There are 2 protein chains.
Amino acid sequence: MMHDKRDVFIVDTSLSPYAKLRPVSICKIRLKDDFWAPRLKMLGEITLPMQYEILEETGRLFNFRRAAGKEKGDFRGRYYDDSDVYKWIEAAAYYLAYSNDEKINRMVADVVDDVISAQDEDGYLNTYFTFERRRDRWTNFEMHELYCAGHLIQAAIALNRAINERSLLDAACRLADHIYSIFSVDKPFLPGHPEIEMALVELYRATRIEAYLNLAELFLNDRGKGLAGGDTHHIDHKPFRELTEIVGHAVRSLYLNCGATDIYMETGDGEIWNTLLRLWHSMTERRMYVTGGVGSRYSGESFGEDYELPNRRAYSETCAAIANVMWNWRMLLASGDARFADVMELALYNGVLSGISLDGKRYFYVNPLADRGFHRRQRWFPCACCPTNIIRIIASMPGYLYSVSDGGIWAHLYVQSIATFTIDGKSVLIEEHTEYPWRGSIKFSLYPESEFSFSLHLRIPGWSREASIHVNDERLKGEVKPGGYVEICRVWKPGDKVSLCLSMPIERLKSHPHVLENTDKIALKRGPIVYCVEQADNPDFDVWNMMLSLDSQLKAEWMSRMLNGVMTIQGEAITVETESFRSSLYEPINKVTYRTRKIRFRAIPYYAWANRKPGPMTVWIRSVGDVVMNLTDETVKS
Amino acid sequence: MMHDKRDVFIVDTSLSPYAKLRPVSICKIRLKDDFWAPRLKMLGEITLPMQYEILEETGRLFNFRRAAGKEKGDFRGRYYDDSDVYKWIEAAAYYLAYSNDEKINRMVADVVDDVISAQDEDGYLNTYFTFERRRDRWTNFEMHELYCAGHLIQAAIALNRAINERSLLDAACRLADHIYSIFSVDKPFLPGHPEIEMALVELYRATRIEAYLNLAELFLNDRGKGLAGGDTHHIDHKPFRELTEIVGHAVRSLYLNCGATDIYMETGDGEIWNTLLRLWHSMTERRMYVTGGVGSRYSGESFGEDYELPNRRAYSETCAAIANVMWNWRMLLASGDARFADVMELALYNGVLSGISLDGKRYFYVNPLADRGFHRRQRWFPCACCPTNIIRIIASMPGYLYSVSDGGIWAHLYVQSIATFTIDGKSVLIEEHTEYPWRGSIKFSLYPESEFSFSLHLRIPGWSREASIHVNDERLKGEVKPGGYVEICRVWKPGDKVSLCLSMPIERLKSHPHVLENTDKIALKRGPIVYCVEQADNPDFDVWNMMLSLDSQLKAEWMSRMLNGVMTIQGEAITVETESFRSSLYEPINKVTYRTRKIRFRAIPYYAWANRKPGPMTVWIRSVGDVVMNLTDETVKS
């Protein structure tokens, strides 16, 4: 059966008065590339069906049937497990937006039946608080009732947009109405785990019922009064508008920021926007991994202090990187500011993608930047937020490529694709040819339905050193600055061509010297991709003993058969080995001897690590110190 | 009132068949130095009374009176809080062993009254499991009932030895008998937090009742069967004798090892000894901070993987460093092997001592090796194990200086003091003159009651580079090797003099290169003291930006008015500053510029940090790479 395809937006800012950009429906973008398209295909063929089975196997679907009285037995799993079912529905919905997969469609229909049947007459829906636990509803802010509700709402909206399914959206509205009836009057607590805020704003966008937006605002405005713990962990230690530093549980913190950005786009509250900017600077300038991962601490799955970014004990939860993408996407929609696209892209290609194995069957919850080979992806987790979260973001990937504004098309992420837009009531088709993220050449062919004037805004990534743009073989005048959008405003004819050329050198990144673990180390990055050295590629030495000299030549080399096709980095380095620590951890420097050896090494994209034989890995590589090389005689000699 | 002083042993191996060394009573050692003696004095004048008030203020003493029916109200605090009262008693007992302090004596008497009054007729004693919680006794291995019992036993033994108090020891025996009656028959679980094992062996030593030793063995032998969680956190994942790596909650792990070592000294079980050696190597060669602190992870307060030793996020609980001293003391008693004394000394002077402020009023629970000035000592903690633990180890300090063996006296830790021994029924008085730990000259004057032959075993610390010994101005022949005991066997006359001269250069320590945070960094150490650079001494630059060159001259300088008198290290270094990271965390290396500046710096003992104005601190200092300096042309040029 062919669905009646509708506009499938991830965040529908079409009518948001304070959003600079409006979304393009996922249905209007066809990926034609070798990087993302195969991943989307794998979702439908492998990951979605496999997760469906696990949802059943772990009792998550049973819990709904049990709540409906269809099956007997004890509640299985954890009190927030409903949310995994909802995230699976949301992922499946995005997938169904561009693929007519009968099998997935049937699975979704079954799951939706189970979910709806579990709803109470008053609209309440949470399988944990049924029967014996019914009287405990809305008594404890830590029990994720609002969190699960938020995910139901998001899933219902996505499914309604994707396949015009109405019953789940009705159920979500009934639940939202029920929540409104309780929380708008009495507010027994605030969301312990933010999530419902952004869901309610989106429900407002989908229904235009203002109560939902108002409720989201109520939840935001009352933070800092102790209704959600009163502590930094829950970002309830002060009013939202007074926050200056990004703190607390990373996913909660960033989900809250998503909701706040959504509220800003509807209300234009300048205090909210300024707060969001402060938090963004706090995060990106002092508390974010080079992979775009965030939340460095195991304790509380939380942000650490400034520059507290351990590599081996990085927490960097997959969900937090996903939340980072979600938040920066909203900041980008609000502002059209390219710095948000830079962070979004960084997190997506590195911190997020490392969360799923190349075969689509296993997941990382925690994403270390250095490891001895003990950290491996798992089929599932006791707390299984990440697997369903990563599939919903991958499934929605086409929606992040472009936006539109009045009289303009904005290209954010470059992926070979065919996209159609409606600008001032006229349609434009854009064919994009590129081997991004591996090569920096991006060619667009534009086919407006007729000649007319509009702007094409091309993102020049912050990581690019040089960029040039040609329109129909004529070089665009003026500087093309990295870290912004170049607006090409002209009368476009069918067949017009634009080519963007981004230099994509291999960069050796240094980190702020107060990231103590990274002093005198570098990380390799090329384009948006962060690299690591993994043992599997370097069998002749321990990659933890590797040291790069400043002048060693590095070369990007395409390996089509490796790791589903990756650009690798190869070069010369040395290994520094020592036997001075055979039976000790610490030795006086004069007793330590080293054996150095010239070696060739190969680095791979960080997202692809741990897909082969277990072994040591590191992102940050010791480097013959650039500081040392720059010392003057005056400073060294005493 | 003058007490009838008895033999006050910390670990009484006097009759232990498999112990090489026997203890010397705390009462037989008078400290006369400027380092420890003032700390012991401060215990009695400030810390013990202050903690007594806090025990009252926080409801810990009330809980006993409540359990006795003397007062009404709810149980206050946490389920393991009784143990803090017991540790305070133990500390006070050691203190009373060498000081006639009427005030402390009265406090102890009052506390003991409260404790004893709370005991049930069947011997059970734990104030949490009274009244409404009575039926929950012995149902949950995590509730620390056996842990609290262990601390009661240790306190009771110490108090009995110190001031001949009998009632608390009787209470402890009744409780131990009650535990035996339950656990020797049925064993509902094993200790979730080991502690009672070593207490029971000591109770056996104090009473010669074999049931206590047997019960300790039962607790050890049944580990690995899932009776205490079955996981590594509780060291219950495999039988004790099959352990190969030090894992789990650091304090639990090391307390268990203390108990196992005590059992070994009574039974001679070779499998236990071999296991302990494996665990010791695992810890000291791969999982211990340069300060002797252990347990690198916040999560589970546990040991990490090999070489996982983050500095800023070091957990390194004060109690774990104390447990490290306790365990190594037992290993030393068992074997007479100096390597255990080395670790004991290291942990004591660094990882332990940093746990208490110089004014004796505040404590660290967590001991980071790098900080930005946010980590400060606290007056107390919700979980307050560390404050009472650190006073019991400081109070018992005199007991760690010497041991005896058949015909020999062993000197382990050097402290200016007067000590009396009984060797083969004859008494020997030893006067020790030294400014240790600041200077390496140690002079002994021996006064045997008459001329007779015995051995003096002098520890040559592993950290010393050169050592020489003179007996009555005549240099001892043969090599004096660091890391062992030199035995001087002769007929000693009253007035004989022995002088030990240890070279005490400033060492620059490197760590194993797989401690990722320490590559290309050094730590400064002199004698047993590990140093750090703290902002308070170095106002003109951020100590996190400091970099030492290999050839910079370092000088030890005594500062009598600073931090109660400390040897500081001063020298030249450079600071490396950069403005390239003003608004970014990561930059391509070619965009990073540095400004280097020659500076003079001062380092202080690590234990003394955070006693002044808050500011950055670090133990590990960037160093102009020794590796770089040793590179050959062949390895650098490509």
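The values are calculated or read from the model by the stated rules, or taken from the named source; none is laboratory data. Just so you know, these numbers come straight off a predicted model, no measurement behind them. Counting neighbours? That spans all protein chains shown, and the Cβs are built from the backbone with ideal geometry, glycine included.
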Looking only at the range B:490-502, and only at residues there that are in contact (Cβ under 8 Å) with a residue 60 or more places away in the chain and in contact with a Ser or Thr (Cβ under 6 Å, 6 or more places away or on another chain), the one that is nearest to the other protein chains (Cβ to nearest Cβ): B:Leu502
Hey, A:Trp138 in a loop (DSSP other than H, G, I, E, B) and either in the same structural domain as A:Ala156 (by TED's automatic domain parsing) or in contact with a Ser or Thr (Cβ under 6 Å, 6 or more places away or on another chain) (or both) or not: yes
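Here is a yes/no grid of residues against (1) touching a helix residue (DSSP H, G or I) at 6+ places or on another chain (Cβ under 9 Å); (2) closer than 17 Å to B:Ala341 by Cβ:
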residue	(1), (2)
B:Ile442	no, yes
B:Pro448	no, no
B:Arg459	yes, yes
B:Glu466	no, no
B:Glu479	no, no
B:Tyr485	yes, yes
B:Gly495	no, no
Flag for A:Tyr212 being more than 20 Å from A:Glu301 (Cα to Cα), under 22 Å from the mean Cα position of the chain (by Cα), crowded, with 18+ Cβ neighbours inside 10 Å and hydroxyl-bearing (Ser, Thr, Tyr): no
Verdict on B:Leu346 being in contact (Cβ under 8 Å) with a residue 24 or more places away in the chain and either surrounded by 24 or more Cβ atoms within 10 Å (Cβ to Cβ) or in a helix (DSSP H, G or I) (or both): yes
Every residue from the range A:441-476 that is within 28 Å of A:Lys426 (Cα to Cα) and charged (D, E, K, R): A:Lys443, A:Glu449, A:Glu451, A:Arg459, A:Asp473, A:Glu474, A:Arg475
Matching residues, the range B:410-429, being of a type outside the set (A, V, I, L, M, F, W, C) and touching a strand residue (DSSP E or B) at 6+ places or on another chain (Cβ under 9 Å): B:His412, B:Tyr414, B:Gln416, B:Ser417, B:Thr420, B:Thr422, B:Asp424, B:Lys426, B:Ser427
Candidates B:Arg278, B:Arg287, B:Arg330, filtered to the one that is surrounded by fewer than 22 Cβ atoms within 10 Å (Cβ to Cβ) and either among the basic types (Lys, Arg) or in contact with a strand residue (DSSP E or B) (Cβ under 7 Å, 6 or more places away or on another chain) (or both): B:Arg278
Pair list, Cβ < 6 Å and 6+ apart or interchain, from the range B:149-174 residues that are crowded, with 24+ Cβ neighbours inside 10 Å to residues that are among the acidic types (Asp, Glu): B:Gly150/B:Glu195; B:Gln154/B:Glu90; B:Ala155/B:Glu90; B:Ile157/B:Glu202; B:Ala158/B:Glu90; B:Leu159/B:Glu165
Condition met for B:Ala19 (touching a Lys or Arg at 6+ places or on another chain (Cβ under 8 Å), among the aliphatic types (A, V, I, L, M) and crowded, with 18+ Cβ neighbours inside 10 Å): no
Residue in the range B:128-140 that is farther than 17 Å from B:Phe64 by Cα and of a type in the set (Phe, Trp, Tyr) present: yes
Test for A:Asp262: is it at pLDDT 95 or above and farther than 22 Å from A:Pro191 by Cα: no
Per-region count, the range A:541-572, residues touching a residue at least 60 places away in the same chain (Cβ under 8 Å), within 13 Å of chain B (Cβ to nearest Cβ) and either touching a Phe, Trp or Tyr at 6+ places or on another chain (Cβ under 7 Å) or assigned to a helix (DSSP H, G or I) (or both): 3
Scope the range A:507-540; condition within 10 Å of chain B (Cβ to nearest Cβ) and either under 19 Å from A:Phe35 (Cβ atoms) or assigned to a loop (DSSP other than H, G, I, E, B) (or both); matching residues: A:His512, A:Pro513, A:His514, A:Val515, A:Thr519, A:Asp520, A:Lys525, A:Val530
Restricting the range A:573-594 to residues that are under 42 Å from the mean Cα position of the chain (by Cα), more than 7 Å from chain B (Cβ to nearest Cβ) and not hydrophobic (A, V, I, L, M, F, W, C), the residue that is nearest to A:Asp34 (Cα to Cα): A:Thr575
Among residues of the range A:595-610, those that are facing another protein chain (nearest Cβ under 8 Å) and closer than 21 Å to A:Ile506 by Cα, counted: 1
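The rows are residues; the columns are (1) within 16 Å of B:Ala334 (Cβ to Cβ); (2) crowded, with 20+ Cβ neighbours inside 10 Å; (3) not assigned by TED's automatic domain parsing to the domain that holds B:Cys319.
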position	(1), (2), (3)
B:Leu200	no, yes, no
B:Thr232	no, no, no
B:Ser253	no, yes, no
B:Cys258	yes, yes, no
B:Ile263	yes, yes, no
B:Gly268	yes, no, no
Residue that is of a type in the set (Gly, Ala, Ser) and in a loop (DSSP other than H, G, I, E, B), where the choices are B:Gly224, B:Gly150: B:Gly224
Criterion violated by B:Ile522 - all others in (1) assigned by TED's automatic domain parsing to the domain that holds B:Ala608; (2) surrounded by fewer than 18 Cβ atoms within 10 Å (Cβ to Cβ); (3) of a type in the set (A, V, I, L, M) satisfied: (2)
Candidates A:Val115, A:Val85, filtered to the one that is modelled with pLDDT of 95 or more, closer than 27 Å to A:Ala37 by Cα and surrounded by 21 or more Cβ atoms within 10 Å (Cβ to Cβ): A:Val85
Pair list, Cβ under 6 Å, 6 or more apart: the range A:229-247 residue within 18 Å of A:Trp273 (Cβ to Cβ), other residue of a type in the set (D, E, K, R): A:Phe240/A:Arg223; A:Arg241/A:Glu271; A:Thr244/A:Arg278; A:Ile246/A:Arg287
Failed criterion for A:Leu550 (all others in (1) under 26 Å from A:Ser464 (Cα atoms); (2) modelled with pLDDT of 95 or more; (3) surrounded by fewer than 20 Cβ atoms within 10 Å (Cβ to Cβ) hold): (2)
Elements of type strands (runs of 3 or more DSSP E) contained in the range B:402-503, each with 1 or more residues being crowded, with 16+ Cβ neighbours inside 10 Å and small (Gly, Ala, Ser): B:402-405, B:408-411, B:417-423, B:441-448, B:452-460, B:467-471, B:484-492, B:496-502
The range B:360-385, subset away from chain A (no Cβ under 14 Å) and in contact with a helix residue (DSSP H, G or I) (Cβ under 7 Å, 6 or more places away or on another chain), residue surrounded by the most Cβ atoms within 10 Å (Cβ to Cβ): B:Asn367
